[in-house]
Amino acid sequence: MKSTQQYKVMKGKTAGQCFTAEIADTFWRRFLGLMGRREISPQTALLIRPCNSIHMFFMRFAIDAVFIDENFCVKKVVPGVKPWFGFAFCFGATAVLEFAAGEAARLKIEPGCRLTAIRR
């Protein structure tokens with residue numbers, strides 16, 4: 001069963017958009033990532049942790065990579081990482097969120113934002 005969590009994007013004390021993250025925190029889920037999928041839905045991400053770098057081998061579509069630290073503060077956004085040949089990394093990141101290309105900009109996610117879990 002896939003584990004998910006909802007997050008909202010915070011800029012200072014201002015709450016922004018919300019999204020749902022599928023959690024990949026086991027070896028197998030991190031290894032598979034988004035490989036084999038044809039797309040990822042809008043307002044949805046794959047949260048890979050621990051992770052500070054990604055590759056795009058065997059991927060079918062471009063993604064936005066959002067690197068975060070242990071406090072869920074956004075350290076780096078890499079938009080439009082291309083399938084097969086793309087690679088992205090961020091020193092000091094402890095996790096990465098993979099969104100469909102363009103989704104990070106639409107959600108207004110940028111370095112310095114903080115992601116806050118929405119309690120269920």
Legend entry - Residues of region 95-117 satisfying the condition of being open to solvent by less than 50 Å² (accessible area, probe 1.4 Å) and in a loop (DSSP other than H, G, I, E, B): 102, 107, 109, 113
Legend entry - Count of residues meeting criterion [outside any strand (DSSP E or B), closer than 22 Å to residue 78 by Cβ and of a type outside the set (Phe, Trp, Tyr)] in region 1-57: 20
Inset, instruction - Please indicate, with yes or no, whether at least one residue in region 103-110 is among the charged types (D, E, K, R) and at positive phi. - result: yes
Legend entry - Subset of region 28-80 (residues that are surrounded by 14 or more Cβ atoms within 10 Å (Cβ to Cβ) and over 30 Å from residue 13 (Cα atoms)): 29, 30, 32, 33, 34, 54, 55, 56, 59, 61, 62
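The values are calculated or read from the model by the stated rules, or taken from the named source; none is laboratory data. These figures come from a predicted structure and were not determined experimentally. For neighbour counting, all protein chains shown are included, and Cβ atoms are generated from backbone atoms with ideal geometry for every residue, glycine included. Just so you know, the surface numbers come from the protein's heavy atoms only, side chains and all, with ligands and any DNA or RNA stripped out. Shrake-Rupley method; radii C 1.70, N 1.55, O 1.52, S 1.80 Å.
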